[in-house]
Structure formats: structure tokens, C-alpha cells
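Accompanying notes for the structure given below.
What follows is calculated from the coordinates using simple rules that are stated; it is not laboratory data. Here the structure is a predicted model, which is why all the values come from computation and not from measurement. As a convention, Cβ positions derive from the backbone with ideal geometry for all residues, glycine included, and neighbour counts pool all protein chains shown.
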Amino acid sequence: MGREVIIQINTPEKTIETHTAYPALTGKAVHIKAHSNVKYLIAEKTNGYAPENMAVKRVGKDLHIAFEGSDIDDPDVIIEGYYDESEESIVGKAENGFYYEYIPESADLSDTLSGLENGVSAGQALGGEGFSTPFAQEGGITTISMLGTLLGVGALAALAGGGGGGSTSEAPDPYTPESPQPSSGDTPVRREDFAKEYDGAIQEGGSGIDTLLGSNGDDRLYGYGGADILTGLGGDDLLDGGDGDDTLSGDAGADLLIGGSGADIIYGGDGDDIIFYDLLDSVDGGAGFDTLYLEGEDITLNLADNDFKIGNIEQIDITGSGDNTLIVSYEDILALNNENDTLFVTGNSGDTVHLYGEETFTGSVTVDGVTYDTYDLGGTAEADIWVQQGMTVI
């Protein structure tokens with residue numbers, strides 16, 4: 001019969017159905033009745049691992065699936081009534097032993113399984129946050145999945161030793177920190193000064209598109225050129241995308257994430273992360289106390305124009321390499337972080353914070369050696385901003 005792909009339907013407690021698809025046979029799609037609160041586990045019969053990618057298409061209430069080498073208009077699997085059910089996901093096992101959801105290769109929310117419009121097809125690959133069991137109580141599309149961190153089976157194998165498109169080495173750190181040079185009478189914030197605090201195994205990409213996956217320890221991942229995908233996993237990691245439109249995911253640990261040039265997508269994950277940002281980037285700090293460092297000079301960051309490109313950030317540093325401006329309102333602070341109504345802002349004497357709306361100065365507070373002037377915005381005590389003394393507030 002040729003190649004065989006196994007589809008298991010798993011509830012939180014057990015496997016309730018098992019089906020076999022034969023991708024080499026045309027016109028022989030296996031038909032499966034959909035269920036709620038299940039995971040559809042897909043595996044190659046020869047090794048138990050997931051197909052690296054697949055195509056999906058919504059046809060009415062049904063989901064059509066075609067594995068590599070098959071045409072989506074002649075699918076290998078049809079899950080009947082998929083869009084009538086809820087709490088479903090399609091998952092696969094990677095070579096590192098963890099399970100991952102299938103998420104869109106395009107990183108477009110409209111191409112997720114739940115977001116597909118009738119008649120629309122999209123490529124899918126393993127990605128997002130790993131979990132330890134194929135049963136339905138774990139998983140669900142995570143924020144990192146939404147950001148399009150596609151790992152792929154080959155990249156996930158890096159946990160066992162590979163680089164997934166880059167090389168692993170013990171080469172010297174590519175950064176060679178120098179003494180900070182003054183700018184407008186103040187010391188600029190330099191990514192290199194943070195980078196020298198990180199160690200761990202180095203993986204380096206090249207000028208093309210690279211997928212680099214860290215370990216559960218400390219890692220340093222450098223994408224260099226191309227639209228790279230860097231994932232730190234556990235430990236305190238340094239991720240530097242370099243040139244190109246990169247996707248960075250720190251996951252657990254206190255990570256340093258540097259998008260570099262290009263329109264980057266950056267996700268901090270758990271832990272207190274440091275994120276270097278320019279106005280082209282999209283950032284989700286995730287859990288923990290996360291700090292966003294604005295890069296450059298003569299830049300105005302207007303949070304009213306944020307359009308949800310920045311989220312889950314507790315502190316913004318606008319020091320950069322020159323004089324910068326932050327514009328913020330009551331509504332901006334509430335939108336910036338759903339779990340914290342206080343925004344810390346740091347900078348130096350050349351920097352300006354423009355507060356929009358009703359503001360009330362409430363005093364001065366010193367935290368970890370830094371003195372802040374504190375303001376209530378909106379007059380409701382629901383949104384506070386603490387601004388480092390020495391900055392201009394208007």
C-alpha cells in the first residue's frame with residue numbers, strides 16, 4: 001500500500017479512534033467524524049514522528065488535509081464536521097519527544113485552522129510551544145503559535161544535537177564590547193553591553209533563511225542575514241536575528257532578544273526579558289517583568305499608534321543613542337499590559353515623555369537605586385506611569 005500515516009483521536013483520558021491514511025492513493029481519502037475537546041495526533045507509521053508539513057483546506061464544515069506529495073484538492077484525510085466542534089487541535093510528535101501543534105507557515109492568523117474561511121487552503125507546519133502528552137488536556141494554540149514561530153521537525157531535532165539550518169560551535173562570541181561612548185552628554189544603551197553577560201552554546205546561521213533551536217540550557221543564537229526563526233527554549237538565552245524579517249521566541253528564562261534590522265516578530269515568553277526594539281517590530285513580552293529598549297536617536301514612539309504591535313511590556317527605556325520621545329495616554333497603558341496598570345519609563349536628560357490626558361503627580365519613589373516621578377493618568381488610579389527623574393515630562 002505504500003506510505004501510511006496514522007491518525008489518532010485523543011480525549012483527555014485516552015485514544016478513542018485510530019485511522020490510517022494512504023497518501024500514495026488518489027481518490028481514497030479517509031473520512032473521520034469530528035469530536036470536541038480532542039487532539040488529532042498525526043504520525044508516520046514507519047517512525048511515529050509527525051509529517052513535517054501538510055496542506056489544509058476548509059470545505060464547508062469539513063477540514064481537508066493533504067500530506068506532502070498530495071494535492072489538497074485530492075485530500076488524504078477529511079475530518080467531517082470539524083467546524084461544528086470546539087476545543088480541537090491537530091498535533092504531531094517531533095524527534096525531541098515533545099508534541100507540537102500544526103500552525104500556519106505564513107504566520108498569518110487567517111491561515112490558522114480555526115481562522116480558515118470556506119474554500120481557503122493554507123500550508124501548516126509543526127511549531128509553537130511543545131507539550132509532553134498527545135492527550136487533550138494540554139496544548140491549545142498559544143500566543144507564540146499566533147506569532148508564527150514555525151519550528152519544523154528538522155529544527156526540533158536540534159534538541160538532540162542538530163542546528164536546523166545553522167551550525168553549533170564554541171566559537172568566540174561575535175560581540176566585541178567596547179566602552180560606551182557618550183551621546184548628548186549621556187551614556188547610550190548598547191545591546192553589546194547586555195550581550196557580554198550571556199554565555200552558552202553558540203549557533204550561527206548564514207545569509208539565507210535559518211531555523212535555529214536552542215536547548216533547555218543557556219544558548220546564543222545568531223541569525224545574521226535572511227528571514228530567520230530563532231527559538232531559545234529553556235535557560236537564559238541571547239537571540240539576535242540580524243538582518244531580515246526575523247521571528248524570535250525566548251520561551252522560558254531571562255532572555256536578551258534583538259530583532260536587528262527588518263520587521264521582526266519578537267516573543268519573550270516566561271521570565272524577565274530584555275528586548276531591543278525598532279519601530280518596524282512587533283513585540284509580545286509574555287509573562288514576567290519585560291523591558292523594551294528603543295534603539296536609535298531622534299525617534300518618537302507613540303503608543304497611540306501601537307495598533308497592538310507592542311504587548312505585555314512592563315518597562316520602556318528610550319535612552320537609545322540620542323534624544324528620543326515617548327507619547328503615552330491612559331488608554332495606552334491599559335492596552336499595553338492586561339495584568340499590570342503601571343508602566344515604568346527610563347531614559348536620560350535628552351529624552352521626553354509626553355503624557356496625554358488628565359495627569360496627576362503623586363510623588364517620587366526610588367526602586368533599585370533609580371528614582372522615579374510617579375503620575376496617575378486618567379484620574380482613576382487604574383493607569384500609573386513612573387518616569388525616571390532627569391527626563392523631561394510634558
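Radius of gyration over Kirkwood radius for segment 253-394, both on Cα atoms: the Rg/Rh ratio is 0.93. Of the peptides 341-347, 111-117, 81-87, 124-130, the order by per-residue mean of other Cβ atoms within 10 Å, starting with the highest, comes out as 124-130, 341-347, 111-117, 81-87.
If both residues of a DSSP beta bridge must be in the chain, then about 45% of such bridges are antiparallel.
Here the extension length gained between Lys45 and Glu197 equals 50.2 nm, from 0.36 nm per residue of separation less the Cα-Cα distance. Summary of packing: across the peptides 280-286, 15-21, the per-residue average of other C-beta atoms within 10 Å ranks them, highest first, as 280-286, 15-21. Note on the chain: Kirkwood radius taken over Cα pairs, Stokes-Einstein applied at 37 °C and 0.692 mPa s, translational D equal to 145 µm² s⁻¹. Dividing the C-alpha radius of gyration of segment 297-364 by 2.2 N^0.38 Å, with N its residue count, gives 1.09. Restricting attention to segment 330-394, close to 65% of DSSP beta bridges with both partner residues there are antiparallel. Couplings 3J(HN,Hα) of segment 381-388, computed from phi: 6, 8, 9, 10, 10, 10, 10, 4 Hz, in residue order, whole Hz [Karplus 6.51 cos²θ - 1.76 cosθ + 1.60, θ = phi - 60°; x for Gly and Pro].
Per-peptide packing, taken as the mean over residues of other Cβ atoms within 10 Å, places 288-294, 40-46 in the sequence 288-294, 40-46 from highest down. Rounded to the nearest 20 debye, the dipole size of the chain about its Cα centre is 1680 debye, using +1 on the Cβ of Lys and Arg and -1 on the Cβ of Asp and Glu.
Per residue, the convex hull spanned by the alpha carbons of segment 98-138 comes to 78 Å³.
Dipole size of segment 300-369 about its Cα centre, with +1 on Lys/Arg Cβ and -1 on Asp/Glu Cβ: approximately 120 debye, rounded to the nearest 20. With contacts taken as Cα pairs under 8 Å at a separation of at least 6 residues, the chain carries a relative contact order of 8 percent.
When the listed pairs Lys14/Lys57; Lys196/Lys309; Lys39/Lys309; Lys39/Lys93 are checked against a 21 Å cut-off, the alpha-carbon distance exceeds it for Lys14/Lys57; Lys196/Lys309; Lys39/Lys309. Restricting segment 188-244 to trypsin sites (Lys or Arg not before Pro) that sit in a DSSP loop and have at most 16 other Cβ atoms within 10 Å of their own Cβ leaves Lys196. Where the centroid of each part is defined by its Cα atoms, how far is segment 319-359 from segment 228-253 in Å? Segment 319-359 and segment 228-253 have Cα centres spaced 26 Å from each other. Find the Rg to Rh ratio for segment 343-394, where Rh is the Kirkwood radius over alpha-carbon pairs and Rg uses the same atoms. Ratio value, two decimals: 0.95. Once the Cβ-Cβ distance of Asp74 and Val370 is raised to the sixth power relative to R0 = 51 Å, the FRET efficiency obtained is 0.20.
Among Ala381, Ala29, Ala66, which one shows the biggest mean-square fluctuation in a GNM of the chain, springs joining Cα atoms closer than 10 Å? Per the Cα network of the chain with a 10 Å cutoff, Ala381 tops the list. Please compute the Kirkwood hydrodynamic radius of segment 3-147 from all pairs of different C-alpha atoms, in Å with one decimal. About 14.9 Å, per the Kirkwood formula over Cα pairs.
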